[in-house]
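To start, the structure itself, in structure tokens.
The values are calculated or read from the model by the stated rules, or taken from the named source; none is laboratory data. Given the structure is predicted, the values throughout are model-derived calculations rather than measurements. Note: ideal-geometry Cβ built from the backbone for every residue, glycine included; neighbour counts use all protein chains shown. Surface areas here come from the heavy atoms of the whole protein model, side chains and all, with no ligands, DNA or RNA. Shrake-Rupley method; radii C 1.70, N 1.55, O 1.52, S 1.80 Å.
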Amino acid sequence: MKTQVAIIGGGPSGLLLSQLLNRQGIETVVLERAGRDHVLSRIRAGILERGAVELLREAGVGQRMDVEGIDHDGCVLSDNDLQVRIDFAGLTGHKVMVYGQTEVTADLYAAQDAMGTPVFHGVEDVVIDDLDQAQSTVSFIHEGERKTIACSYVAGCDGFHGVSRRTIPAEKRREFERIYPFGWLGILSRTPPVHEELIYANSDRGFALASMRSKALSRYYVQVPLSDKAEDWSDAAFWDELKRRLPSDVSARLVTGPSIEKSIAPLRSFVSEPLRWGNLFLVGDAAHIVPPTGAKGLNLAASDVWYLFHALVERFGSGSSSGIDAYSGRALQRIWKAMRFSWQMTMLLHRFDDEDGFAAEMRKASLLHLSQSETARRELAENYVGLPY
């Protein structure tokens, strides 16, 4: 096979890049290790920055999002019963949208099918070669047969455990990592959300988040030790702990019900540099992981896609290499800013096992400062709705 851009990874970042390139007449082939049903069963992020919303519209996949997505003008941060609302719209003129990653992926698959884009599922043993040549190759096993794609460029959208980042020689990579000593136990339930906006709650018992996927589907989280397992937690135990961590007036109106999904996600900050190696470009989780506290994971992948999409359009259009040469540096500037915000939110809202009383008082003082300073609330809001590309 031959194509212009081989995309490794059939999640939202790979499909979005393919969709945008296809609409500009640039050919792609998408390779995905998992089956489509598995990809669409993943429960992931649900908050879209303003830039991601506009990019999905530009890709021609925003119709269902605009009908079913829920605009959010703000969010609430709390410490026990102290509650501070961050007014996104009033402070920045922008909003975020609640629309699940699963729905984004489904919309992108439908659009790619309509275009006839080759998408291979169940691929194994992917090997990327000749990245320093005019034409690179990606070989893989599909349905028991070794196949090869000749291409001009390779986009590595295959996540933290994918082959793309590991293709860059270890001695040429700089990796930065912070592992947090706790995870998020999350459940999905067919219950009305407890509040019309997200509530990020700090308490003496640890962090909790009240979120949603729709007006009838709620997503809740509580901070737990990494030693915990999801099966250790009954639904009743989860709801009891969540109520203890939310402000009392919020807990009083919480509607509980059976969980339809329950899992624990560890928290980590990770960046690998550079994002380019010859004809290979890293995108999304292949290059960086952020804690979910700042709702930046999917949104950061979308900004990578934006930078790479425009760079490749320039390359195939005018022949200029300035965009692809600048891709890694431009994307990393925004990545590190998002890393800072996610780290800041994580430190602000979580209880650490080995902390002393000083740390807890600093969290309380920080939230009190947010409640009294419009400048502080604006800085948080600007980062939450998404810095410009």
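Report whether or not PRO258 is under 15 Å from TRP184 (Cβ atoms) and open to solvent by 10 Å² or more (accessible area, probe 1.4 Å). Please lay out each step first, then the result.
Details: under 15 Å from TRP184 (Cβ atoms): no; open to solvent by 10 Å² or more (accessible area, probe 1.4 Å): yes.
It is false that PRO258 is under 15 Å from TRP184 (Cβ atoms) and open to solvent by 10 Å² or more (accessible area, probe 1.4 Å).
For every residue, the table says whether it meets (1) hydrophobic (A, V, I, L, M, F, W, C); (2) assigned by the TED database to the domain that holds GLN112; (3) open to solvent by 20 Å² or more (accessible area, probe 1.4 Å).
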site	(1), (2), (3)
GLY10	no, yes, no
LEU15	yes, yes, no
SER18	no, yes, no
GLN24	no, yes, yes
VAL30	yes, yes, no
ASP37	no, yes, yes
LEU40	yes, yes, yes
ARG44	no, yes, yes
LEU48	yes, yes, no
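Can we say ALA302 is assigned to a helix (DSSP H, G or I) and more than 27 Å from the chain's Cα centre (by Cα)?
Working: assigned to a helix (DSSP H, G or I): yes; more than 27 Å from the chain's Cα centre (by Cα): no.
Taking the combined requirement at face value, the residue does not satisfy it.
Just give me the residues in segment 81-98 being outside any strand (DSSP E or B) and either of a type in the set (Gly, Ala, Ser) or at pLDDT 95 or above (or both), in sequence order.
Initially, segment 81-98 is screened for residues outside any strand (DSSP E or B), giving 81, 88-95.
Within segment 81-98, PHE88, ALA89, GLY90, LEU91, THR92, GLY93, HIS94, LYS95 meet the criteria.
Kindly list the number of the only condition in (1) at negative phi; (2) modelled with pLDDT of 95 or more that fails for GLU143.
The failed condition is (1).
Within segment 51-60, identify whether any single residue is modelled with pLDDT under 95 and open to solvent by 60 Å² or more (accessible area, probe 1.4 Å), and answer yes or no. Walk me through it before giving the result.
To start, the set of residues in segment 51-60 that are modelled with pLDDT under 95 comprises none.
Within segment 51-60 (the criterion being modelled with pLDDT under 95 and open to solvent by 60 Å² or more (accessible area, probe 1.4 Å)), the answer is no, since none of the residues qualifies.
In this structure, does GLY284 turn out to be of a type in the set (Gly, Ala, Ser), under 25 Å from ASP228 (Cα atoms) and crowded, with 22+ Cβ neighbours inside 10 Å?
Values: of a type in the set (Gly, Ala, Ser): yes; under 25 Å from ASP228 (Cα atoms): no; crowded, with 22+ Cβ neighbours inside 10 Å: yes.
So GLY284 fails the test.
Which one of the conditions (1) open to solvent by less than 20 Å² (accessible area, probe 1.4 Å); (2) among the hydrophobic types (A, V, I, L, M, F, W, C); (3) free of Cβ contacts under 8 Å to residues at least 24 places away in the same chain does ILE168 fail to meet, given that it meets all the rest?
So the condition that ILE168 fails would be (3).
Take GLN112 and tell me if it is over 18 Å from the mean Cα position of the chain (by Cα), open to solvent by 20 Å² or more (accessible area, probe 1.4 Å) and at negative phi.
Working: over 18 Å from the mean Cα position of the chain (by Cα): yes; open to solvent by 20 Å² or more (accessible area, probe 1.4 Å): no; at negative phi: yes.
Judged against the criteria, GLN112 is not a match.
Results for (1) surrounded by 13 or more Cβ atoms within 10 Å (Cβ to Cβ); (2) not polar (S, T, N, Q), shown as yes or no for each residue.
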| site | (1), (2) |
| --- | --- |
| THR346 | yes, no |
| ASP354 | no, yes |
| ALA365 | no, yes |
| GLN372 | no, no |
| ARG378 | yes, yes |
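Among the listed residues VAL84, VAL98, identify the single one that is over 21 Å from the mean Cα position of the chain (by Cα) and open to solvent by less than 30 Å² (accessible area, probe 1.4 Å).
Details: VAL98 fails: over 21 Å from the mean Cα position of the chain (by Cα).
So the residue among VAL84, VAL98 that is over 21 Å from the mean Cα position of the chain (by Cα) and open to solvent by less than 30 Å² (accessible area, probe 1.4 Å) is VAL84.
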